[in-house]
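This report refers to the structure that appears directly beneath it.
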Amino acid sequence: MMKSLISIHDFSKDEMLYVLQRAAEFEKNPSQSLLAGKVVGSIFFEPSTRTRLSFETAANRLGARVVGFSDVKNTSVSKGETLKDTIKMVANYVDLIVLRHPLEGSARYAAEVANVPVVNAGDGANQHPSQTLLDLYSIQKTQGRLDNIHITMVGDLKYGRTVHSLLQALSLFNARFKFIAPPELQMPAEYKTYLRGKGLAFEEHTDLIRNIGDADILYMTRVQQERFQDPIEYEKVKNSYSLKKSMLAKAKPTMKILHPLPRVNEIDAGVDDTPHAYYFEQARNGMFTRMAIIAYLLQGAR
Amino acid sequence: MTNEKEFKVTAIKDGTVIDHVPSKQLFKVIEILGLENYANQITFGMNLESKKLGNKAIIKIADLFFEDDDINRIALIAPQAKLNIIRNYKVVEKRSVTIPEIITGIAKCVNPHCITNHQPVETRFLAQSSDNGLLLTCCYCEKTTDSQTLRIITKEES
Ligand SMILES: [Zn+2]
């Protein structure tokens with residue numbers, strides 16, 4: 001089978017480091033026609049403008065052309081075509097598929113039926129590995145290293161797939177974790193078991209402000225109202241996990257705030273002009289990381 | 001007493017006796033093996049005394065011999081099952097079932113958002129035993145199904 005990127009586990013530590021190194025090269029020189037003549041299929045079964053633009057720009061900057069659809073209205077999919085048939089059809093035309101689909105496991109299945117590499121751009125609540133790689137790239141770029149990072153993860157740690165994948169990736173680099181979440185949205189037991197099995201330290205707290213001082217990275221996530229049965233509970237949580245400029249007084253000077261975006265009110269606009277804010281650059285890093293992923297899957301390591 | 005004893009000694013000339021099946025799993029075992037599709041003579045008994053299980057079922061199938069891959073399909077629900085291979089009224093071989101590392105198309109994924117529960121995709125799991133019994137990790141959605149949430153795909157569903 002072709003090499004695909006479906007889950008962060010599909011890449012070894014060496015492959016991750018290689019992709020980060022390529023991403024840095026693309027950042028220095030963002031327009032390289034390495035893939036002139038190639039066609040990338042951008043197949044989005046649900047709208048995600050941010051992710052789609054990032055991937056499509058990455059493909060364009062590599063000199064590839066992009067075909068595809070950005071939602072399923074007016075396609076044969078809305079007439080009940082199976083994912084298998086759609087993927088088989090698209091794989092006939094393109095050299096690589098970028099897939100976003102609401103069902104979990106859809107990307108793995110697509111990689112099994114396609115004869116071209118597949119990049120998972122999000123399969124429901126399951127995996128979104130390019131997000132994890134761009135997070136690693138942002139951490140490496142701002143901290144000058146990936147090893148022994150102190151990371152504080154904040155907000156929805158129960159359903160947030162980005163924090164789960166990032167946790168697994170950073171566990172390869174001896175990270176120290178702090179989990180800050182309301183009782184309803186704590187890190188699931190399986191990930192804590194995973195860290196214990198690797199002998200990695202973690203702490204759990206419900207209080208944000210006292211756990212900023214020792215962090216290299218503050219990883220904020222969106223707390224969504226639909227996770228709460230009681231709307232009053234949501235209102236309380238929403239405010240106590242919202243980051244404000246005044247809370248950063250004790251932060252390390254080199255501490256950076258990451259957020260997968262879009263944000264709602266987890267980060268107050270007042271934080272944006274502090275030297276800690278990094279979420280907009282993080283999104284830009286995503287494009288270079290996706291260039292590196294596409295180039296690696298189509299051309300291998302050079 | 002006599003009935004039970006009679007059943008136990010009812011011999012088949014050639015074939016397979018599946019012993020130590022938990023009684024409540026008997027019909028599932030029959031279904032997983034697809035025995036209703038065979039014309040062979042099949043006898044079974046359930047709620048028989050067993051030192052190991054307390055209560056067991058037994059299935060005797062004349063003139064049928066299973067491949068390991070087929071018989072291991074029942075390991076998910078009858079891990080202690082024993083096979084006696086009969087030739088000319090004698091037990092010529094005894095086999096245990098082993099849980100395959102990869103389990104294809106027998107169990108349902110517990111995750112309602114999994115692709116296998118929405119599209120015609122055969123399920124596939126990585127099997128692992130743990131302190132809490134068998135754990136099946138879906139090769140697609142990566143969620144784990146345990147023995148409490150395990151559901152076997154029935155003939156009509158597959
Ligand atoms: Zn599944």
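Values quoted throughout were computed directly from the atomic coordinates according to the rules given, and no laboratory measurement underlies them. Worth saying up front: this structure is predicted, and the values here are computed from it rather than measured. Quick reminder, even Gly has a Cβ in these numbers, built from the backbone with ideal geometry, and neighbours come from all protein chains shown.
Tabulated values for the structure
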read-out	value
Two-site FRET efficiency, A:Asp272 against A:Arg196, from Cβ-Cβ distance with R₀ of 30 Å, rounded to 0.05	0.20
14 Å reach of a label modelled at B:Glu122, 7 Å along Cα-to-Cβ, counting backbone N of segment A:70-110	none
Pairwise FRET efficiency - A:Arg302 versus A:Arg145, Cβ, R0 = 25 Å, nearest 0.05	0.55
Spin-label model distance (nm) - A:Thr49 vs B:Val91, 7 Å beyond Cα toward Cβ	7.2 nm
Shape metrics for segment A:222-275, restricted to C-alpha atoms - Rg then Dmax, Å	12.7, 39
Dmax and Rg, reported as Rg then Dmax, of segment A:29-122 (C-alpha, Å)	12.9, 43
In segment A:58-116, the trypsin sites (Lys or Arg not before Pro) that fall in loop regions by DSSP, at most 13 other Cβ within 10 Å	A:Lys73
Over segment A:101-150, volume per residue of the alpha carbon convex hull, in Å³	99 Å³
Residue-averaged 222 nm ellipticity for chain A, from DSSP H runs of 4+ at -39500 (n - 2.57), nearest 500	-12000 deg cm²/dmol
Stretch gain in nm, segment A:Thr206-A:Ala24, where the contour uses 0.36 nm per residue and the Cα spacing is subtracted	61.9 nm
Rg over Rh [alpha-carbon atoms, Kirkwood Rh] for chain B	1.01
Over segment A:181-245, volume per residue of the alpha carbon convex hull, in Å³	104 Å³
Karplus-derived HN-Hα couplings along segment A:212-219 (A = 6.51, B = -1.76, C = 1.60, θ = phi - 60°), whole Hz, x at Gly and Pro	9, x, 9, 8, 7, 10, 10, 9
Nearest-ten-degree value, helix A:49-61 long axis tilted from longest Cα axis of chain A	50 degrees
Largest to smallest principal axis extent of the C-alpha atoms in the protein assembly as shown, angstrom	88, 53, 41
Stretch gain in nm, segment A:Met2-A:Asn60, where the contour uses 0.36 nm per residue and the Cα spacing is subtracted	18.7 nm
Scaled radius of gyration (Cα, divided by 2.2 N^0.38 Å) that segment B:4-96 gives	0.98
Rounded to 5, percent antiparallel among DSSP beta bridges of the protein assembly as shown	55 percent
Kirkwood hydrodynamic radius over Cα pairs of segment B:102-152, then Stokes diffusion coefficient at 37 °C and 0.692 mPa s, in µm²/s	306 µm²/s
Average silhouette area of segment A:1-47, convex hull of alpha-carbon atoms, in square nanometres	5.2 nm²
B:Ala62 versus A:Asn265: modelled label distance in nm, points set 7 Å from Cα along the beta carbon direction	7.8 nm
Inter-label distance for A:Phe280 and A:Tyr159, nm, one decimal - labels placed 7 Å from Cα along Cα-to-Cβ	2.9 nm
Percent of Cα pairs exceeding the 26 Å cut-off, where the set is segment A:130-282	18 percent
Residue of B:Gly105, B:Gly15, B:Gly133 that the Gaussian network model of chain B assigns the largest fluctuation, springs spanning Cα pairs under 10 Å	B:Gly133
